[in-house]
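Take a look at the structure below.
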Amino acid sequence: MRCQTHGMAVRESHIDRIRDGLFDVLVVGGGINGAVASAALAGRGASVALVERGDFGGFTSQESSNLVWGGFKYLERYELLLVWKLCRSRNRLMKAYPDNIKEISFLASLDATSPYAPWFSALGAVGYWGIGQFGTRHPRLLSTEKIKAEEPAIDTATIRGGIEYRDAYLIDNDARFVFSFVRSAIEAGASAANYVELISATREGNRWRAQLRDADTGEEFSTSAKVIVNAAGPFVDGLNTQWGTHTDHRIVYSKGIHLVVPRLTTHDHQRVLAFFDDTQRLFYVIPMGRRSVIGTTDTRVDEPFSQVTDDDRTFLLEQINHRLDLATPLTTADIIAERCGVRPLVVNSNGGDQRDVDWTSLSRKHAIELDKKDRVVTIFGGKLTDCLNVGEEVAEAVQSLGVPLEKDLHNWYGEPATATRDEFYRQAKLMKLDALRTKSDTEPLTDRLWRRYGRRAFTMLEAIRDDPRMSEDIMDSADYLRVELHLAATTEMITKLEDFMRRRSKIEQVVRDEDIRASSGLHEVAQILFGADAEHRLAEYLDAR
């Protein structure tokens, strides 16, 4: 299990396959749209190359709320078809990923300033449940007294009632979920590389010739494909302009932030708390293990690069302090980590300025557009919940452009079969894996390793049998085992230390920066991941923080 060379070799092997390759499809962008498109195409027999100029899931896709939901709030604008599609996709994801995506309660508290009365919200919740094909437990109308009894952290002084409805959430982080689709694409034969930038793409005869640059080494090389899929998220418009591709849609941006703080709720079971803020927009307190995530805001911005401002922090902390009954109000000192990203929202390309768009009324729908002449597929907008729909629609679009695909057997997504899971749990029980755990308030090792790694978790059991040190936590409070680092080093295409700390794991989101820097295990993490290059990668990481 111990790697003699760091995992960069995996990435280099994929770059070797992409260099001067002849592919059916080149997918540009490794966020959720590009990852799921690659998995769907490769799973149906297409030869696929996926390139991402940063890390997989490293921009918008790592800044989500980690929620898999049908869009209850879209009902107020009567977007019933969108809600139905999102709920259907949510239900499919819950069925396909039973250990990774779990149903969760949303408890919405309504006061006198809320735009809807509790009884009316309850009617909406029942309608939402029905549109969602009754795929979750039923909603409830809650009295003020019931809210206080079920969640004492809520200040009910001005609350007139509330509702509980159900959606789902990702137990691990969003970027890791994105990477699961990249892995699925690779297992189906795709070539994929992070930190590979598209410099240019030109049409030569019946193929695209793409000039690429390895952002880590500076090497330039080329590849070719029959079809290009533009999955660049917030950057799709810029790429289309570069290629001369004209579309009926374009993107505008809404910035959202989340603040990660110590756990705020008082009960052990996981629950999302929902409130209307002073501007009558919904915001949430979302569980993240021993942490709570407060968000999100919705701010119009004109470019995809964004950051959390002092005003953002002040606003969210004021909103939550007014609505929770905390012994001590939250301050900026309580913030463990922050998340900030833009939502790429879809509008029609009518030639007007982006400032003319009523962005507050826009939903997270997606649009897929084809340029049949030049064979370009562009994915506009979208969200994590809708990913399976995006993958299927992109595959159909590519097929319509002349790339033959096999029948969709729906085997490009989802967790391993139940029998495989049962065998892992049987072996883990025989070796008393969960007894190796000494920390309180953490989930059983069996559950965590299976959820994160699936079939690859079998090799981890073998490694722990061979060397009990492999079952030890490597970074104090980070809750990561030594064996996980060795597996990540050899299989997860980690190029920079941030790739592991922020995206393959959620360590940066639950551990304070000063604790990460002071961790005695940080050097060993770098050593396992990068071997002889460890000191350089560690210095690069610390300098950037």
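FYI, it's all coordinate maths here, none of it is from the lab. If you're wondering where the values come from, they're calculated on a predicted model, not measured in any experiment. Don't worry about glycine lacking a Cβ; one is built from the backbone with ideal geometry, like all the others, and counts go over all protein chains shown.
So, by mean Cβ neighbours within 10 angstrom, what's the order for 511-524, 179-192 with the highest one leading?
Numbers: 511-524: 14.8, 179-192: 22.2.
Per-residue Cβ counts within 10 Å, averaged per peptide and sorted highest first, yield 179-192, 511-524.
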**Request:** May I ask for the equivalent-ellipsoid semi-axes of region 60-172, computed as the square root of five times each C-alpha gyration tensor eigenvalue and listed largest first in whole Å?
**Result:** 25, 17, 13
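Seen from all sides and averaged, what is the projected area of the convex hull of the Cα atoms in the chain, in nm²? Numbers along the way, then the final one.
On the way: hull surface 98.4 nm².
Averaged projected hull area, Cα only: 24.6 nm².
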**Request:** With +1 on each Lys and Arg Cβ and -1 on each Asp and Glu Cβ, and nothing else charged, work out how big the dipole of region 51-110 is about its Cα centre, in Debye to the nearest 20.
**Result:** 300
**Prompt:** With a ≥ b ≥ c the root eigenvalues of the C-alpha gyration tensor of region 201-246, is it rounded (a/c under 1.5), prolate (a/b larger than b/c) or oblate?
**Reply:** oblate
**Complete:** Burial-style ranking of 234-246, 65-77, 299-311, average other-beta-carbon count within 10 Å with highest first, yields 65-77, 234-246, 299-311
**Request:** Considering Cα pairs under 8 angstrom that are at least six residues apart, work out the relative contact order of region 418-544 and quote it in whole percent.
**Result:** 18
**Asked** Magnitude of the Cβ-charge dipole of region 418-544, K/R +1 and D/E -1, about the Cα centre, nearest 20 debye?
**Response** 640
**Prompt:** For labels at Arg263 and Arg517 in the simple 7 Å Cα→Cβ model, what's the distance in nm?
**Reply:** 2.8
**Fill in**
Expressed in angstrom and ordered largest first, the alpha-carbon extents of region 418-544 along the principal axes are 45, 29, 25
**For the chain, with +1 on Lys and Arg beta carbons and -1 on Asp and Glu, the positive-most of Trp129, Val68, Ile528 along the dipole** = Trp129
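For Glu406 and His246, calculate 0.36 nm times their separation in residues minus their Cα-Cα distance, and state this gained length in nm to one decimal.
Extra length available between Glu406 and His246 comes to 54.6 nm.
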**Asked** With charges only on Cβ, +1 for K and R and -1 for D and E, what is the dipole size of the chain about its Cα centre, in debye, rounded to 20?
**Response** 1520
**Calculated FRET value between Tyr425 and Ala539, using beta carbons and R₀ = 60 Å, to 0.05** = 0.90
**Message:** Amide H of Val27 versus every other amide H placed in the peptide plane: which residues, excluding those fewer than 5 positions away on the same chain, fall under 5 Å?
**Reply:** Ala49, Leu50, Val51, Val229
**Request:** Quick one: which residues, 5 or more positions from Ser105 or on another chain, have an amide H under 5 Å from its amide H? H modelled 1.01 Å from N in the peptide plane, none for Pro or chain starts.
**Result:** Val272
**Complete:** One would report the antiparallel percent of DSSP beta bridges in the chain, rounded to the nearest 5, as 75
